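Everything on this sheet refers to the single structure shown next.
What follows draws every value from the coordinates through simple rules; no lab data is involved. These numbers were taken from a predicted model, which means no experiment stands behind them. Glycine also receives a Cβ, built like all others from the backbone with ideal geometry; neighbour counts cover every protein chain displayed.
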Amino acid sequence: MKTLGIGLVGSGFMGRSHAYAFRAADAVFDLPVRPSLEVLADIDDNTAAKAAPSLGFARSTGDWKALIADPAVDLVDITAPNALHKPIALAAIEAGKPVYCEKPLAPNAAEAGQMVDAAERNGVMTAVGFNYLKNPMVALAREIVDSGEIGEIISFRGIHAEDYMADPSAPHTWRLEPAGGHGVVADLGSHIISIARHIAGPITSVVGQIATVVAERPVRPGASETRPVEVDDQARALIRFDNGATGSIEASWVSPGRKMTLAFEITGTKGTIFVDHERMSELQLYTSTGQAAGRQGFKTILAGPEHSVYGAFCPAPGHQLGFNDIKTIEARALMLALADGPPFQPDFREAWEIQRVVDAIVLSARESRWLTVTDI
Ligand SMILES: NC(=O)c1ccc[n+]([C@@H]2O[C@H](COP(=O)([O-])OP(=O)(O)OC[C@H]3O[C@@H](n4cnc5c(N)ncnc54)[C@H](O)[C@@H]3O)[C@@H](O)[C@H]2O)c1
């Protein structure tokens, strides 16, 4: 079978997840091309060499440029901090290699736009890791909406709240570096925006509100020296969709107790859908018709083999998929696209559209006014 050489930049949280996903995709799915973990790059030689064996990579380097130049690397996979996405992606595109990049694509829409232009000019395939779009329950939500079962969509209400920055003694990290872009509105907000656009279509205008809750943080774990926080800890926006629906989006990384509240409610004229990724293999559905008075209520649909591609993991319904399974579904979609199957979505262009909404929320919050997303 044909193999595809993977070059992965970054061996942190997402690097491990990507390495796992490529290996699991090969085991779970009947792929047209076999991913081969060739080169791992990290911030220096030692870090890369230490991580490479456990992640399953044949070789390692402390220089991502060497990874791109390596003839065994067919796909450049970027799981490094946000500020590095653009230089690494542009170099890979220049070398004519497809790019799989983590979200958010770039620090801002202008830089994301440059990445789109480069990829499209060079005819290079791109993919961005908005993995929750690969959750079979998100796919089911989209299917229900498209079928008309809940009528015309009138509202989308979405939130992505976690608590990993809720402790004021949590130190400064690359996530708070302004060079990497905005704060939680980009880090988590981009996920809920990706789902909103996927299910309800383009967002045309926004009015945002952003807040920095913890004004300064230790420069490193346990340090008494602090550094000001220049990005948002909380963000909200009222939104309008191209199809006339309205809604809201909220993101927070300072929400005590919220571990993975990536939740959304889609209201239609004839029913409602609710999904919360703390229970990512469930979808709540309410339909107005066919329910007797006194017996009306939401029903819970548990993911099962009928929901593509759950059945590849498990033949029995209700046994639950997890975060890394969803990444594995993403890796499969990538392998199919690279073997001339269905094009991968979301690509750089869609990630740029998501980034425009992020930028519009921040700018509208600063200017206290509604903004048209296409003006960004
Ligand atoms: N899709 C998702 O659900 C999801 C979840 C978390 C993070 N992310 C995204 O993934 C990316 C990485 O996040 P993370 O949580 O894995 O971060 P992390 O800090 O855990 O890992 C980052 C890795 O990049 C390495 N790195 C730093 N500078 C480097 C350099 N110059 N060259 C090579 N490697 C370098 C670090 O040493 C580390 O191994 C970010 O863009 C983030 O937004 C996505």
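Some observations on this one:
- Helical content of the chain, expressed as a calculated mean residue ellipticity at 222 nm, amounts to -10500 deg cm²/dmol (DSSP H runs of 4 or more residues, -39,500 (n - 2.57) each, divided by residue number, nearest 500).
- Look at where the Cα atoms of the range 251-270 and of the range 319-337 average out, and the two centres are 22 Å apart.
- Its residue count N fixes a reference of 2.2 N^0.38 Å for the range 1-130, and the Cα radius of gyration divided by that reference is 0.99.
- Whole-Å distance, taken between Cα centres, linking the range 107-167 and the range 286-301: 29 Å
- Lys-Lys pairs in the chain that are eight or more residues apart or on separate chains and whose Cα atoms lie under 18 Å of each other come to 9.
- Fewest-first ranking of HIS319, HIS85, HIS277, using other Cβ atoms within 10 Å as the exposure measure: HIS319, HIS277, HIS85
- The range 41-97: C-alpha gyration tensor shape, a/c 1.5 cut-off, then a/b vs b/c: oblate
- Fully extended contour minus Cα-Cα distance, from ALA292 to GLU278, at 0.36 nm per residue: 2.0 nm
- Note on GLU177 and ALA95: their simple-model spin labels are 2.1 nm apart, each label 7 Å out from Cα toward Cβ.
- Checking every one of the chymotrypsin sites (Phe, Trp or Tyr not before Pro) in the range 201-271 against DSSP loop status and a limit of 10 other Cβ atoms within 10 Å picks out no site at all.
- Unit Cα scatterers, Debye sum, the range 248-376: log10 I(q)/I(0) for q = 0.10, 0.11, 0.16, 0.17 Å⁻¹: -0.53, -0.64, -1.16, -1.21
- Rg to Rh quotient for the chain, alpha carbon positions, Kirkwood Rh: 0.97
- Across the chain, the mean sequence separation of Cα contacts (distance under 8 Å, 6 or more residues apart), normalised by length, yields a relative contact order of 20 percent.
- Calculated diffusion of the range 79-141, Stokes-Einstein form, Kirkwood radius summed over Cα pairs, 25 °C and 0.890 mPa s, µm²/s: 199 µm²/s
- Separation of the ALA339 and SER248 label points, Cα + 7 Å toward Cβ, nm: 4.6 nm
- Once the Cα-Cα distance is subtracted from the 0.36 nm per residue extended length, the THR269 to THR300 segment shows a gain of 9.2 nm.
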